[in-house]
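The structure appears below as structure tokens.
Laboratory data are not the source of any read-out in this text; all were calculated from the coordinates shown. Bear in mind that the values here come from a model prediction, so they are computed numbers and not experimental data. Here Cβ is always computed from backbone atoms with ideal geometry, including for glycine, and neighbour counts include all displayed protein chains.
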Amino acid sequence: MRTVLLASLRTHTRRYGAALLAVLVGVVLVLVTASLSSAVRDGLTSGLAEPYDGADAVLGHPSPDDAARLLAAAPEQGADAWLLGWTLQQLSHDGRVVSTDSDIGPVADEPAGRWQELTSGRFPDRPGEAVLDNNAAKAAHLAVGDRLRIGTGSSALDVTVVGLVDSPSTYVVASVYVLWTDLARWQDHLYVSSLAWAGPEPGYDGARDAIRAVVPGAEPDTVDAFVQEVQKDVNRGVDVIAIVALLFAAVALLVAVLVINNTFTILFAQRSRDFALLRCVGATRRQVVRSVRLESLALGLLAAVLGTAGGLAAGQGLVALIHGQWPEARLGDAEVGTVWLVVAATLAVGVPVVAAWLPTRRVVRVSPLAALRPDDSTQVGTATGRTRVAAGVLLLLAGTAAFAVALAAAVPPALVAGGVATFVGVLLLGPVLVPALVRGLARLGRRLMGPAGRLAAGNAVRNPRRTAATTASLLIGVTLTTAVLTGLASSRSALADEMDDQHPVDIAITSARALPADTVDRARAVDGVAAALPVTGTTAEVAALGDVAVLGVPPAGADSVLHGKVRTPGPRAIVLPWDLIGDGLEVGDRVAVTVGERTVRLRVRAGDGWGEAALVAPGTLARLDPSPRLHAVWVRADEDADPEDLAGSMEAIGSPLGAGIENGLADRAYVDLQLDVLSGGVVGLLGISVVIALVGIANTLGLSVLERGREHALLRALGLTRRQVRRMLAAEAVLLATVATALGTVLGVVFAWLGVRSLVEPVVTGASLVLPWTQLGAVVVLAALAGLAASVLPARRAARTAPAAGLALE
Amino acid sequence: MTSPLAASTRGLTKSYGRGDTLVPALRGIDLDLPAGRFTAIMGPSGSGKSTLMHCLAGLDQPTSGSVTVAGQALEDLDDDALTHFRRDHVGFVFQAFNLLPMLTAEQNIWLPAELAGRSTTGLRDRFDQVVTSLGIADRLTHRPAELSGGQQQRVAIARALLGEPAIVFADEPTGNLDSAASAEVLSLLRQSVRELGQTVVMVTHETEAAQYADDVVVLADGRIVERREVAA
């Protein structure tokens, strides 16, 4: 049998090309995931301990107030304390906004706590000086000597860059480091990850007691314990991401199993006469089966070698590319463990062997006499088994029941179970469902497609099982893609409503002092501004807060600039930004608001999204100040305006006037960006399985072309032109692709609807299904085009058939 | 013989391969096929009879020489033009694998007309006539797998006759049939010549089959070795 095995490997290798490609893509995806996650992990955990070098104890996540107290107390106790944390502030240089959300961190006063490594210049000596992280400086084109403005409005800080540093730890990296005395102004906006404490006497106990003396009940850790805890957190995060990526690899490999299974089924059907002949000349069943299984094993071994090599190369290449192109991503070194290699190689070998298992069993059902019969060259497709249909219907019913449970009780596992059951049900019913849909679609397009199209429709459904298997692989990818796209579109619109509430104003220029009247026109003249609205108010003294701009809302014409509605206080209320609340002022308090000699007492409410100003009803404002003046300009941006450019222009207008800028547009854009990245990433990963599925369609078509050589010859003899042959094959591919896509789109949308109903709606009020029509349309059109592309090679081959070839009996 | 020619060849040669492996299949054939007659081309395996038929039918390109069918010189036509020519002027009946398995008998018969984009209404009468005379009117909705070998060949003949082609080529049409079915098919071919005035050229290696023809051309080693009329 070895001669037979080797000879058939030689003969059929080319036909296994697509199967090989399908496994390879999946295996490479697994190894690339392994490389990237190891690089990310390395980048995140390396240098994790360095900021705590020399410390005796670390207090994790203290409140900013506690941290400030500890920093103040340290010198009195002869100890060193330094803080790790950051605040997000707008950063601008020469009136140009470098970033709307730059992370600003502290650099310790004492050299002991300075974990940043100075690469040029010096560390700050006094307030008003800052050092920049090298990567951040590179990305923003900043250098030593530059003057920067951090933040906006009354809390803005001007600093000079005096040095550049490397930040060894990604965990606490910031773009700009300033001294604590400068950073303290944003204490309310500070996120403190940890505080390191080094007492005069080394040792954990002394440090712990010193910390507890300032913050009673604090639970500081030893440096080692703290670092280990952080390391665990980081690992967990990376693991979650890697698992998600591996889920996509699993989908890709599942599709690969389908494609390979189909390939083997077709190839073995074509070779059934060979197998029968082998049986005739004395091969046992076992021998034939073993020879065929060894063939799939050989394919698997080849895939294992190529896949691991290719996967490692692709992973290293990608990491190197990211190192070169995006240094701020801070990837470490990629190191793929042996376990990964073993898993990848096992998958590469296992997928073809598993995929070939069932087709192999069918091989030996052929009776040896089949070889002696004249070739009728076409097996009319087997009728779909009753058990299969029954199982399919049962699964559909079970899936529907699970969905009902999920909807009624919002149980995510029921949703997943329902999705899986329904999908498998549809796959099982495929041999009935798909041909019916193909016929329906072909009937719709009858006029359009001509005789070649009619032949294609016939060809597409002649072997229902093969048709179903071919479309199944594409169906998986399209269903998942559509579900994700629709789900994200629905979440996006739900989020958009929420964003409208949180950021009613795109950009607000607000000042405690009255603004010159031409500010509105200057703002309106800026590129990217759709509308600018004057908002009048007055400067009032609000209890302990000092002078605050008090605006009368809603201003006339508010609808022209606002998303949604801004909070409208009642006549006896004042809405204060959350930032101003705290420090002895609570929501529900009654406060005295005074302008000159007029005082009104108002109930405190809180809100956000319009900058540093209090809001009152117009009547209240009139009582405070009969002639209110311009205190704010609310700007509505064009749909496609760049938030940072716009913020820069507004900064240029507001900053000389001492006005602060509230940039809701940047937050909006950030949320949009995150959703875009998420959908792009998911669609990209799913795209890999779609590509494998298309390779499968091309493969099925190519093998069918070989099988139908005599038919094509007959058709050519009867008057089908070459172009019509090509059109026939193209129509077949497009029919298959379109039916799979249409079915997948419907399933995906239904799944998304169920997901939104049972998962999103209970959490986000007002969430509802939003169909991203353009994206869904693009999926259908792309799939049809890809089907067309998949038919190119097989069609060329078919068109080459000479009419005389294959007519005579072999 | 005064009837006009349905097809003719002059100096027709056809070789396969090149160099050392060159195999001449036809070595100079001059042949006239009169219209309205049933001609049998005979010869042993490898005599070149199938190659001759393929060249006559425009299924294969000759190495040299000329082929004229229905007044058209085939060497002037490119692949598309040849395809259109076959569609309009030539009918085929093959030994096996004559019908497309996914189409019904009726769809198979209409196929060439449909490929040519001809209107079916004009051919309706012809269709009924052909189907009735071939005795397959009650088999039209069946697929090839549900038909016997003889019935399949009758469907193939109906398909060849429907378009009233200048010439019908039959390549070993009885090769796969038992003797009763063979006799039936051959009678039907002869009947189409007698009653419809159809020109039929049949390639066969069976002497009994040749008995149904009007003329017999015998080939050996790529040359015509005998031409005779069959006594009625």
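Any chance you could give the angle, 0 to 90 degrees and rounded to 10, that helix A:446-461 forms with the longest Cα principal axis of chain A?
Helix A:446-461 and the main axis of chain A meet at about 70 degrees.
Please state the shape class of segment B:1-59: rounded when a/c is under 1.5, otherwise prolate if a/b exceeds b/c and oblate if not, all from the C-alpha gyration tensor.
Verdict is prolate for segment B:1-59.
Putting +1 on Lys and Arg Cβ atoms and -1 on Asp and Glu Cβ atoms, find which of A:Pro127, A:Ala622, A:Pro772 reaches farthest to the positive end of the dipole of chain A.
Result: A:Pro772.
About the Cα centre of chain A, how large is the charge dipole given +1 on each Lys and Arg Cβ and -1 on each Asp and Glu Cβ? Please answer in debye to the nearest 20.
8280
As I understand it, the value is the acute angle between the Cα axis of helix A:204-214 and the longest principal axis of the Cα atoms of chain A; what does it come to in degrees, rounded to 10?
60
Let me confirm one metric for peptide A:717-730, namely the mean number of other chain beta-carbon atoms within 10 Å of its residues' beta-carbons.
Mean inter-chain Cβ contacts per residue within 10 Å come to 5.
Classify segment B:151-219 as rounded, prolate or oblate, taking a ≥ b ≥ c as the square roots of the eigenvalues of its Cα gyration tensor: rounded when a/c is under 1.5, otherwise prolate if a/b is larger than b/c and oblate if not.
Oblate, because a/c is 1.5 or more while a/b does not exceed b/c.
If you put +1 on each Lys and Arg Cβ and -1 on each Asp and Glu Cβ, how big is the dipole of segment A:237-344 around its Cα centre, in Debye rounded to 20?
940
Roughly what % antiparallel, to the nearest 5, for the DSSP beta bridges in segment B:5-229?
That works out to approximately 55 percent antiparallel.
How far is helix A:773-790 tilted, in degrees, relative to the longest principal axis of the Cα atoms in chain A, given as a value from 0 to 90 rounded to the nearest 10?
40
Counting DSSP beta bridges in the protein assembly as shown, what percent are antiparallel, to the nearest 5?
70
From other protein chains only, count the Cβ atoms within 10 Å of every residue's Cβ in A:702-714, then give the mean.
2
What Kirkwood radius, in Å to one decimal, follows from the Cα pairs of segment A:89-186?
Its Kirkwood hydrodynamic radius stands at 13.1 Å.
P(r) for segment A:512-658: what percent of alpha-carbon pairs falls in each 5 Å bin, starting at zero?
2, 10, 19, 22, 19, 14, 9, 5, 1, 0
With the dipole of chain A worked out from charges on the C-beta (+1 for Lys and Arg, -1 for Asp and Glu) around the Cα centre, which of A:Leu735, A:Val749, A:Ala313 lies farthest toward the positive end?
Going by the charge dipole, the pick is A:Leu735.
Using only atoms on other chains, find how many Cβ atoms lie within 10 Å of each Cβ of peptide B:71-80 and report the average.
Other-chain Cβ atoms within 10 Å of each residue's Cβ, averaged: 1.
By its C-alpha gyration tensor, with a ≥ b ≥ c as the square roots of the eigenvalues, how is segment A:198-323 shaped: rounded for a/c under 1.5, else prolate for a/b larger than b/c, else oblate?
Here segment A:198-323 falls in the prolate category.
Under unit Cβ charges (Lys, Arg +1; Asp, Glu -1), what dipole magnitude, rounded to 20 debye, does segment A:57-220 have relative to its Cα centre?
380
Just the number, please: Stokes-Einstein D of segment A:57-220 in µm²/s, Kirkwood Rh from C-alpha pairs, 25 °C, 0.890 mPa s.
153
Over 30 Å apart: what share of the alpha carbon pairs of segment B:5-229 falls there, rounded to a whole percent?
The proportion of pairs with Cα distances above 30 Å equals 22 percent.
Please work out the ratio of the alpha-carbon Rg of the protein assembly as shown to 2.2 N^0.38 Å and round it to two decimals.
1.34
Distance between Cα centroids, segment B:104-148 to segment A:551-580: provide it in whole Å.
With segment B:104-148 and segment A:551-580 each reduced to a Cα centre, they are spaced 80 Å.
Could you tell me what percent of the DSSP beta bridges with both partners in segment A:512-658 are antiparallel, to the nearest 5?
Taking every DSSP beta bridge with both residues in segment A:512-658, the antiparallel ones total about 75 percent.
Please sort A:16-23, A:495-502 by packing, taking for each peptide the average over its residues of neighbouring beta carbons within 10 angstrom, highest first.
A:16-23, A:495-502
Order A:550-556, B:46-52, A:287-293 from most to least packed using the mean count of other Cβ atoms within 10 Å.
B:46-52, A:550-556, A:287-293
Enumerate the lysines that B:Lys14 could reach by cross-link, defined here as Cα to Cα under 29 Å, with residues fewer than 8 away along the same chain left out.
Counting by Cα, and skipping residues close in sequence, B:Lys14 has these lysines nearby: B:Lys49.
Putting +1 on Lys and Arg Cβ atoms and -1 on Asp and Glu Cβ atoms, find which of A:Val695, A:Thr222, B:Leu123 reaches farthest to the positive end of the dipole of the protein assembly as shown.
Positive-end residue among those listed: B:Leu123.
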